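All of the numbers you see were taken from the coordinates with simple rules; none came from a lab. Here the structure is a predicted model, which means the values were calculated and not measured. When we count neighbours, we look across all protein chains shown, and the Cβ atoms used for this are built from the backbone with ideal geometry, even at glycine.
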Amino acid sequence: MSMNESSRGRWSDELLEPFRSMGEPLADAAIQSVFASNEVEAVNRILQSLQSNVQVVPAEMPDAVETFLNQTDDWPEWADPEKVRLGQRLFARYGMQMTLAYFTWSLPCCYSWEKAAKVLTWTGGIDKHVHRRIIETAQFVLDVMAEGGLEPKGFGVRTAQKIRLLHGTIRYHVGRDPKWRASEWGTPANQEDHVATLLTLALVPSVLTRLGLDFTRDEEEAYFHCWRVVGHFLGIHPTLLPRDLDDAHQLWAAIQARQVRPSQDGVVLTRALVDYLKMRMPGELMDGVTVTVMRELCSEAVSDAVGLEKTDWTRFLVGPMRWMFSLADEAQDQSGFAAKVSASLSRKLLEGLHSSETGGGRVTFRIPQSLQESWKLEPAAVAEAK
């Protein structure tokens, strides 16, 4: 989709710019109350449980956080339960390939936004923090897209609420750093960056058509609707939540035109991501495939902004890969050759993630039972990390 004005629909700079200085009132109020009451350790326990997510509601939480969790776990009145279930069923069917797209399209796109990338590198310790964020993102996606994940008290709802609190904590700390130039970069973890990140997850089906998969319009719309509900739980401003799939693509075009710029932060983040994926996908051949798939899925502007390498030999892979992916053009299930290849890559990645160790401590990565069954994961691959 071109980045001209017509592709942006109603999403003008005048409409979007105010959202760069906007946080999220409920989460911000809860976090401010916690810090004012010196209950920081309790919040740290809540945020640390993002990885394990064993306790649905952490015990001994501050009153302000308990109030927040109770205020923000209701479905919006516009939500369509049948569309949500269809979107989740689509993930159960194609989740392996979608997971691959999250790591090779969604995250590089996030890193290509110059201003948003600054927040992700602000606290230093790039490798440690990026790897942890990769795991948290994967866990979040699995939690909200698993069967029942968005039902009352579902894992997905709780994970979204925790991420909302995490963003409030980032705004509290980074926003108070005198070196943070809010007038130039906006509020840390602001509303525009939030909805942009949501779209990198909600628009994955249209990206996967480049890997030879095929989706009906109803399937794409249901998948988007599912993520629109997730956006509600994440506290995205109602004005910013696209009305439908076409509106979402127009908002995506507008944000890409506004935010994609080359930056050293984006380069560093993407290098850490590529290194992580190489580490999780065994074999030297996979090293080249990882970057090649990124180049195939991401726009030229995104690839250049994050400094994706162009190696001599990987360019020879692109032609054969496109031919291979095209073999599955008419396959709407996992019987296509390209679908099987991407599922295999994703399986290796999930198996590696499940037993990841970050910063010296093991991170528990929980694949919901319904998805284990749908994806026919080997028991050894999803055994609990000891």
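Of note:
- Neighbours of P205 by Cβ distance under 12 Å: Lys/Arg scored +1, Asp/Glu scored -1, total -2.
- Segment W122..H237, full-extension length gain: 38.9 nm, with 0.36 nm per residue of separation and the alpha-carbon distance subtracted.
- Summing charges over all other residues whose Cβ lies under 15 Å from the Cβ of F140, with Lys and Arg as +1 and Asp and Glu as -1, gives +4.
- Net +/- balance of residues flanking N190 in space, Cβ distance below 10 Å, scoring K and R +1, D and E -1: 0
- FRET E, pair W75, A29, Förster distance 22 Å, beta-carbon r, rounded to 0.05: 0.50
- Of K153/K376; K278/K376; K115/K153, pairs whose Cα-Cα distance is over 30 Å: K115/K153
- Computed over the range 201-284, relative contact order equals 21 percent, with contacts defined as Cα pairs under 8 Å that lie 6+ residues apart.
- With 0.36 nm allotted per residue and the present C-alpha distance subtracted, the E309-E184 stretch has 42.1 nm of extension available.
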